[in-house]
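Working notes, beginning with the structure itself.
The values are calculated or read from the model by the stated rules, or taken from the named source; none is laboratory data. Just so it is clear, the structure is predicted and the values come from calculations on it, not from any experiment. For neighbour counting, all protein chains shown are included, and Cβ atoms are generated from backbone atoms with ideal geometry for every residue, glycine included. Note: accessible area is taken over every heavy atom of the protein model, side chains too, but ligands, DNA and RNA are not part of it. Shrake-Rupley method; radii C 1.70, N 1.55, O 1.52, S 1.80 Å.
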Amino acid sequence: MCYNFATFVLYLDVITLIYRENRLTSSETCLYGFKLTFQQVLAIGLPAITADLIIVAGTLALGILMGKLLKVDSQTALMTSTGSAICGAAAVLGAEPVVRCEAHKTAVAVSTVVIFGTLSMFLYPIMYRAGWLDGLSDQAIAVYIGSTLHEVAHVVGAGNAIDAAGGNVADAATIAKMIRVMLLAPVLVIMSVCLSGKQKNKGITGKSKITIPWFAFYFLVVIGINSLLQSATFIPQETLQAGIGFINNVDTFLLTMAMTALGAETSIDKFKQAGAKPFYLAGILYVWLVFGGYAIVKLLF
């Protein structure tokens with residue numbers, strides 16, 4: 001019993017150390033690329049891509065603005081906005097090496113996107129069954145789900161629930177969501193440049209170096225590799241899908257380990273110190289995603 005506990009503590013210390021070096025986060029983000037191909041991006045069409053671009057940019061801008069109005073710590077506000085705008089916990093963890101914030105701020109941001117994303121996963125199928133989405137085609141509903149829900153898992157869950165109710169949205173919704181995930185790379189680069197410029201304006205010279213998130217570019221490279229593999233005719237499809245399935249399982253494992261290490265670096269006192277304001281901010285962004293996202297998709301489709 002004592003041996004097992006000691007082994008667990010040692011294991012937790014190891015993954016926490018790796019997490020501090022950002023290796024878990026970087027690896028998990030790169031492997032995410034095996035869930036998408038460029039062929040899928042082209043197939044879903046320009047309106048879906050436009051919706052994703054507008055919603056991501058709008059969510060980030062609104063989050064930064066409301067963070068200032070609510071007097072939320074700037075790093076917490078940026079991390080929360082990034083998670084809401086792109087892909088939930090994975091985006092928050094991906095942004096952490098760029099923002100270079102304390103672990104408890106990352107944990108607060110992760111908790112906000114998980115809470116509101118889970119709420120949406122149940123809300124959207126209810127909206128569909130109630131007829132509130134009747135003004136949208138199946139394609140538009142798919143884009144609405146993919147461009148506004150926080151996590152990929154939330155999109156898959158909501159999409160499958162709507163399919164079970166007679167819709168046909170799950171696959172297209174997942175692709176629309178993964179296009180948002182693709183935007184993580186340019187967002188992190190822009191974020192790094194802006195944060196560097198902000199530090200220079202404050203007269204901070206020692207820490208004003210631009211952090212280049214190379215793992216975000218590797219993520220795009222992995223998408224390219226996956227695109228080539230999916231179009232290759234010399235590889236048996238069963239073998240290819242089995243290999244990619246294994247990689248996706250490894251990716252999920254790495255994300256779980258990163259979340260575990262994040263929890264090991266955080267305490268309840270840190271959450272109390274952050275207060276309720278980050279959740280108010282996440283709530284405002286949630287309302288924007290539900291209603292603003294609907295208006296944007298309705299306009300484009």
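Descriptive notes on the structure:
- Förster radius 25 Å - calculated FRET efficiency between residue 69 and residue 298 (Cβ-Cβ, nearest 0.05): 0.35
- Peptides 74-87, 225-238, 169-182 ranked from most to least packed by the mean count of surrounding Cβ atoms within 10 Å: 74-87, 169-182, 225-238.
- Rounded to 0.05, the FRET efficiency of the residue 123 and residue 248 pair, given R0 = 22 Å and the Cβ-Cβ distance, is 0.25.
- Taking the 1.4 Å solvent-accessible surface of the stretch 128-189 as the whole, the part contributed by carbon and sulfur is 53%.
- For the pair residue 193 and residue 46, the difference between a 0.36 nm per residue extended length and the Cα-Cα distance amounts to 50.1 nm.
- Where Cα atoms sit under 29 Å apart: lysine pairs in the stretch 62-207 separated by 8 or more or lying on different chains: 17
- Straightening the chain between residue 132 and residue 102 buys 6.7 nm, computed as 0.36 nm per residue apart minus the Cα-Cα spacing.
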